[in-house]
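These notes are about the structure you will find just below.
The values are calculated or read from the model by the stated rules, or taken from the named source; none is laboratory data. Please read all numbers here as calculations on a predicted model, not as lab measurements. As a convention, Cβ positions derive from the backbone with ideal geometry for all residues, glycine included, and neighbour counts pool all protein chains shown. To get the accessible areas, we keep the full protein, side chains included, count just its heavy atoms, and leave off ligands, DNA and RNA. Shrake-Rupley method; radii C 1.70, N 1.55, O 1.52, S 1.80 Å.
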Amino acid sequence: MPGSIGEVDVLQMYRETGALLEGHFLLRSGRHSPMFLQSTTLLQHPLYAEAVGEGMAGLFEDLEVDFVIGPAMGGVVLAFVTAKHLGSRALFAEKEPQGGMYVREGLTIRPGERFLAVEDVITTGGSVQRAIAAARAKGAECIAVGAIVDRSGGRADFGVPFRTLTTLEFPTYDPADCPLCKAGVPLQEV
Ligand SMILES: [Zn+2]
């Protein structure tokens, strides 16, 4: 059971819910890694999701936001629980067939509204960037970006304050030089 955030070790929450996978994974970047964080597995538990949302909201208490937006599907629950604790609206952006993202009709965005964009784990930040672009296209202003985990190695830069509950550095390997491949550990796509 998660306690109030601040006491909660984020990695421990992933562990407790079986969301910290250990083995041999093919990452979207094409590199191999012995670890993977499956945030969907963590956030399916409302109590854990609540604790994460409370923690995320705590990182942005100093800012006034009209809404929180996350990229679907991974960012939907996170945006919701964060918005709940910030007292703002929760929106999501969806993938377009062309590769960008859009905000569907019915999710109201008024020009000039200020928003926080969130994503579970940020590696390159590409997905949250597309969600930001979708909200900006409706005239809103991104004032901050939040994530549960920063895996970018300090490379993520959104031009606005970027705050995360934790920072993790997992080793990743070039497939040609991967010790897990050499050891014959079966590779899983994630
Ligand atoms: Zn490998």
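Observations on the model:
- Contact order relative to length of segment 9-87, as percent, for alpha carbon pairs under 8 angstrom and 6 or more apart: 24 percent
- Cα-centre dipole for the chain with unit charges at Cβ (Lys and Arg positive, Asp and Glu negative), debye to 20: 500 debye
- Relative contact order for segment 49-170: 24 percent, from Cα pairs under 8 Å spaced at least 6 residues apart, divided by residue count.
- Surface share of carbon and sulfur [accessible, 1.4 angstrom probe, percent] for the chain: 50 percent
- For the chain, calculated [θ]222 nm from helices alone, where every DSSP H run of n ≥ 4 adds -39500 (n - 2.57): -8000 deg cm²/dmol
- The residues of the chain expose on average 50 square angstrom of accessible surface per residue, using a 1.4 Å probe on protein heavy atoms.
- Set the Cα radius of gyration of the chain against 2.2 N^0.38 Å, with N its number of residues, and you get 1.05.
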